[in-house]
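Novice: Mind having a look at this structure? Questions to follow.
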Amino acid sequence: MTYLMGTYAPADVVFSHGDGSVLYDTNGKRYLDFLCGIAVTSLGHAEPHVARAICTQSRRLLHVSNLFRNELAEPLAERLDRLVGDGQPAGGRVFFCNSGAEANECAIKLARRAGGHGRHVVVSALGSFHGRTLATLHATGQTEKHRAFQPLPEGFEHVAYGDAGALDAALDPDRVAALLLESIEGEIGVVPAPAGYLRAARRLCDERGILLLLDEVQTGLGRTGRWFGFHHHGIRPDVVTVAKALGNGMPIGACWAKAAVAAAFEPGDHGSTFGGQPLACAAATATIDRMVELDAPRLAAAAGSKLAEGLRRLPGVASVRGAGLLLGCVLETHLFAPAVAARSLASGLVVNAPAPGVVRLAPPLTVSDEEIDEALAILKGVIAHVAKGTEP
Ligand SMILES: *Cc1c(COP(=O)(O)O)cnc(C)c1O
């Protein structure tokens, strides 16, 4: 019996506390956390700078509503703008909210507002994930997730991910307001955009006056080895959404847009009671400041290449894809990934299986070489065990 709705089928473990890359359950058992709440706690658990910022702010002011300014939202927006610009001011404006879905919801509303009457269609990619609200669910390119919730909001169309030719046909400038893409599709198994794809998307959007929206909710803030996934591709999006890692576990999301695009919103067009409130902003400010201090993208790139190299050498691993510390480990035997994730958990390693043949690894960007070696040793044993157990 549970009082919680059955929207998840949680594993049979209760975590009580953590420290850096390590989690402990209520029995005192130790785990290496190579999932980070799905790319959320990028600085590790109980990070002292973030903890101190939350404690200090909680004694000062938690909330005043957006009918008033607060001391933290404006400087946080400026920091985020600099990261979007890869260290330089990017000339954008930010709307703060509480989650990735809300950040994308804001991006979609902004695209419709900027697109004007009749130009409201948002094109996104098959295999994408953009959130669970009705609009972001329809933007999500996984039709099996749509089925039970028809009718979904109108104005969403999907194209094959990575196919520049399909974009050419789908981006009708008379109807389409925006193209919404991820630089890596995390939720269907860590599938990166092929080389040249985002550049082709940028060029087509420019030619046709269509906005390019990048969902960096999972890939953003250093995880891929650059501040944002799109930085690997040499493009500038019109709108960028972030959330997961922004508060290192404190719920906060943000929608960044070029100033000229953001200008489409007028007072009253969009809002959020909690968005940009002081406590969440304090956590996000401490997170970004610490990430800049550590040069988090550099840490992710270095640790990521060590981890990817180690994974490629494991028996039973067919290939490794992704970037930095967002990696998909493709197993030789399709359908083994859920068993590998479950057995890893029992063996003290937290990972997950976003697809039947893919194990996702997203450890803290601060993960040590020793912790990577320890995780690889656990995975090696687990994959061998699962392979043996299911042989005829
Ligand atoms: C997690 C995720 C979202 C949704 O974020 P929530 O905070 O769960 O609403 C949207 N887009 C991507 C790419 C994500 O990984």
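Novice: Give the residue that is farthest from the ligand (Cβ to nearest atom), with candidates limited to residues of region 102-130 that are of a type in the set (Gly, Ala, Ser) and buried (at least 24 other Cβ atoms within 10 Å of the Cβ). Before the answer, list the steps.
Specialist: Just the residues of region 102-130 that are of a type in the set (Gly, Ala, Ser), to begin with: 103, 107, 111, 114-116, 118, 124-125, 127-128.
Checking which are buried (at least 24 other Cβ atoms within 10 Å of the Cβ) leaves us with 103, 107, 111, 124-125.
Values: ALA103: 8, ALA107: 10, ALA111: 16, SER124: 11, ALA125: 11 Å.
Per the criteria, the residue is ALA111.
Novice: Examine region 241-256 for a residue that is buried (at least 17 other Cβ atoms within 10 Å of the Cβ), within 11 Å of the ligand (Cβ to nearest atom), assigned by TED's automatic domain parsing to the domain that holds GLY100 and of a type in the set (Lys, Arg), and state whether such a residue exists.
Specialist: Yes.
Novice: Another question about this same structure. Here are some conditions: (1) touching a residue at least 60 places away in the same chain (Cβ under 8 Å); (2) assigned to a loop (DSSP other than H, G, I, E, B); (3) assigned by TED's automatic domain parsing to the domain that holds ALA346. LEU23 meets all but one. Which one does it not meet?
Specialist: Here LEU23 clears every test but (2).
Novice: Just to be sure, is LEU80 surrounded by 12 or more Cβ atoms within 10 Å (Cβ to Cβ), in the same structural domain as ARG226 (by TED's automatic domain parsing) and touching a Pro at 6+ places or on another chain (Cβ under 9 Å)? Spell out how you get there, then give the answer.
Specialist: Details: surrounded by 12 or more Cβ atoms within 10 Å (Cβ to Cβ): yes; in the same structural domain as ARG226 (by TED's automatic domain parsing): yes; touching a Pro at 6+ places or on another chain (Cβ under 9 Å): no.
For LEU80, the condition - surrounded by 12 or more Cβ atoms within 10 Å (Cβ to Cβ), in the same structural domain as ARG226 (by TED's automatic domain parsing) and touching a Pro at 6+ places or on another chain (Cβ under 9 Å) - is not met.
Novice: Further, regarding this structure: How many of the residues in region 135-147 are more than 11 Å from the ligand (Cβ to nearest atom) and either within 16 Å of LEU212 (Cα to Cα) or over 19 Å from the mean Cα position of the chain (by Cα) (or both)?
Specialist: 4
Novice: Do we find that ALA308 is in contact with a strand residue (DSSP E or B) (Cβ under 9 Å, 6 or more places away or on another chain), not assigned by TED's automatic domain parsing to the domain that holds HIS231 and not charged (D, E, K, R) in this structure?
Specialist: Details: in contact with a strand residue (DSSP E or B) (Cβ under 9 Å, 6 or more places away or on another chain): yes; not assigned by TED's automatic domain parsing to the domain that holds HIS231: yes; not charged (D, E, K, R): yes.
When the stated conditions are applied, ALA308 passes them.
Novice: Kindly establish whether PRO338 is surrounded by fewer than 18 Cβ atoms within 10 Å (Cβ to Cβ), in contact (Cβ under 8 Å) with a residue 60 or more places away in the chain and over 18 Å from VAL40 (Cβ atoms). Steps first, answer last, please.
Specialist: Numbers: surrounded by fewer than 18 Cβ atoms within 10 Å (Cβ to Cβ): yes; in contact (Cβ under 8 Å) with a residue 60 or more places away in the chain: no; over 18 Å from VAL40 (Cβ atoms): yes.
In short, no.
The values are calculated or read from the model by the stated rules, or taken from the named source; none is laboratory data. Remember, predicted model here, so these are calculated numbers, not experimental data. As a convention, Cβ positions derive from the backbone with ideal geometry for all residues, glycine included, and neighbour counts pool all protein chains shown.
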